[in-house]
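Asker: My structure is below; once you've seen it, I'll send some questions.
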Amino acid sequence: MLNDSLLPKHAQLRAALLRTIDEELQPGAMIPSERDLTVRYDVSRATVRAAISSLVNEGRLTTVPGRGTVVTRPRVESNLHLASFTQDMRQRGHRPSTEVLACAVVTAGEVTAKALGLTPGDRLWEIERLRLADDEPMAHEISWYPEAVFPALGDEDLNGSIYAVLESTYGVVITDAHQTTWAEQAGPTYAHLLEVAETAPVMAFDRVGSSSEGPVEQTISRYRGDRYQLSMGLQRGPSAR
Ligand code: 16G
């Protein structure tokens with residue numbers, strides 16, 4: 001039951017739910033249904049919806065399509081350095097796994113050809129994978145690798161770290177990358193793959209990775225905005241001093 005405080009009912013219910021989240025529920029746990037909450041706190045459905053939607057907006061609750069509302073998991077924090085997904089997740093105490101969605105040889109379009117220093121029409125492996133952390137989707141990745149450098153890449157086991165395969169099978173170590181990042185909405189395709197709402201935010205990255213011989217990889221990654229965050233150390237550039 002809510003008390004007689006001057007706060008509106010939905011704000012009181014928000015505070016009560018927050019206590020339940022902090023004290024009783026684990027990340028990922030489902031909160032009680034709207035109906036249960038109306039009975040338990042003797043409030044209207046509109047009040048319950050207002051309280052839940054404010055906690056969703058604050059990032060404490062997440063609406064999972066087809067399941068209900070769950071307690072948000074803390075995001076996996078990545079320091080900005082050149083790591084593979086597998087390394088990055090392990091370092092942060094998560095169990096990485098991968099589903100290969102597609103793997104085929106395609107011909108390079110202008111953009112990828114330019115990024116990789118190739119000629120449009122050159123052959124590339126196109127590998128599309130879903131990356132999971134603790135069995136939950138974390139990122140979708142589509143990558144291109146020159147077939148001339150990695151002739152039988154498609155025959156390798158791509159369910160683990162592709163960086164490890166490039167190194168162990170081909171002796172190619174990605175040592176440098178140029179990466180561009182932006183935000184977008186999941187939209188129908190990535191909502192389905194990443195198991196989030198279509199309006200959910202994703203962090204997109206376009207990475208061109210190079211070995212000592214030059215660029216050998218382009219990957220476009222889309223990480224779930226509710227599960228991932230990046231932290232970076234910044235230094236003041238000479239021109240700003
Ligand atoms: C990361 C990289 C991606 C790279 C992949 C290799 C970002 C934003 N993206 O997800 O460019 O292809 O790792 O991971 O960090 P793997 O070696 O585990 O397959």
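Asker: What residues have an amide H closer than 5 Å to that of residue 73, excluding those fewer than 5 places away on the same chain, when H is modeled at 1.01 Å from N in the peptide plane?
Answerer: Residues meeting the amide H criterion: 28.
Asker: Once the other residues with Cβ under 9 Å from the Cβ of residue 200 are scored (Lys, Arg +1; Asp, Glu -1), what is the net sum?
Answerer: Details: positive: 224; negative: 198, 226.
Value of the local net charge: -1.
Asker: For residue 177, list long-range residues whose amide hydrogen, built 1.01 Å from N in the peptide plane, is under 5 Å from its own amide hydrogen.
Answerer: Under 5 Å from the amide H of residue 177: 210.
Asker: If you count the DSSP beta bridges with both ends in the chain, what percent of them are antiparallel, to the nearest 5? Write down the numbers at each step before the final one.
Answerer: On the way: 52 of 56 bridges.
Bridges in the chain are about 95 percent antiparallel.
Asker: Let me have the 222 nm mean residue ellipticity of the chain computed from DSSP H runs of 4+ only, each contributing -39500 (n - 2.57), with the sum over all residues rounded to the nearest 500. Before the final figure, lay out each step's value.
Answerer: Values: 7 runs with 67 residues, N = 241.
The per-residue figure over the chain is -8000 deg cm²/dmol.
Asker: Something else: May I ask you to sort 228, 145, 190 by Cβ crowding, counting other Cβ atoms within 10 Å and putting the fewest first? Don't skip to the answer; put the middle values down first.
Answerer: Details: 228 18, 145 24, 190 21.
So the ranking, lowest neighbour count to highest, is 228, 190, 145.
Asker: Separate question: Hey, if you put +1 on the Cβ of every Lys and Arg and -1 on every Asp and Glu Cβ in the chain, which of 201, 214, 11 ends up farthest toward the positive end of that dipole?
Answerer: It is 11.
Asker: Dipole size in debye (nearest 20) for the chain around its Cα centre, Lys and Arg Cβ +1, Asp and Glu Cβ -1?
Answerer: 1060
Asker: Let me ask something else. Could you work out the local net charge near residue 25, counting Lys and Arg as +1, Asp and Glu as -1, over the other residues with Cβ closer than 11 Å to its Cβ?
Answerer: That works out to -1.
Asker: Need one word for the range 1-49: rounded, prolate or oblate. Basis is the Cα gyration tensor (sqrt eigenvalues a ≥ b ≥ c); a/c below 1.5 gives rounded, then a/b vs b/c decides.
Answerer: Values: a/c = 2.27, a/b = 1.41, b/c = 1.61.
Here the range 1-49 falls in the oblate category.
Asker: Using Cβ contacts closer than 10 Å as the measure, can you line up 205, 150 from fewest to most? Walk me through the numbers before you get to the answer.
Answerer: On the way: 205 17, 150 20.
In order of increasing Cβ crowding within 10 Å: 205, 150.
Asker: Could I ask something else about it? What list of ³J(HN,Hα) couplings, whole Hz, do you get for the range 124-135 from phi and the Karplus terms 6.51, -1.76, 1.60, once you set θ to phi - 60° and write x for glycine and proline?
Answerer: 9, 6, 10, 10, 10, 9, 9, 9, 10, 10, 6, 6
Asker: Can you give me the Rg/Rh ratio for the chain, using Cα atoms for both radii and the Kirkwood formula for Rh? Don't skip to the end; give the middle numbers.
Answerer: On the way: Rg = 22.4 Å, Rh = 20.5 Å.
Expressed as Rg/Rh, it is 1.09.
Asker: Between the range 187-241 and the range 141-182, what's the alpha-carbon centroid distance in Å?
Answerer: With the range 187-241 and the range 141-182 each reduced to a Cα centre, they are spaced 17 Å.
Asker: Between the range 14-46 and the range 53-94, what's the alpha-carbon centroid distance in Å?
Answerer: Cα centres, the range 14-46 to the range 53-94: 21 Å.
Asker: Can you sort 21, 127 so the residue with the fewest Cβ neighbours within 10 Å comes first?
Answerer: Working: 21 18, 127 22.
The most exposed by this proxy come first: 21, 127.
Asker: Is the shape of the range 187-241 rounded, prolate or oblate, going by the alpha carbon gyration tensor and its root eigenvalues a ≥ b ≥ c, with a/c under 1.5 for rounded and a/b larger than b/c for prolate?
Answerer: On the way: a/c = 3.45, a/b = 1.48, b/c = 2.33.
Cα axes put the range 187-241 in the oblate bin.
Asker: Apply the Karplus parameterisation 6.51 cos²θ - 1.76 cosθ + 1.60, with θ equal to phi minus 60°, to every residue of the range 138-154 and state each ³J(HN,Hα) to the nearest whole Hz, in sequence, with x for glycine and proline.
Answerer: Once θ is set to phi - 60°, the couplings for the range 138-154 become 10, 8, 10, 9, 10, 10, 10, 9, x, 5, 4, 8, 10, x, 10, 4, x Hz.
Bear in mind these aren't lab numbers, they're just calculated from the coordinates by the rules spelled out. Source: prediction; values computed, not measured. Backbone-built Cβ (ideal geometry, glycine too); neighbour counts: all protein chains shown.
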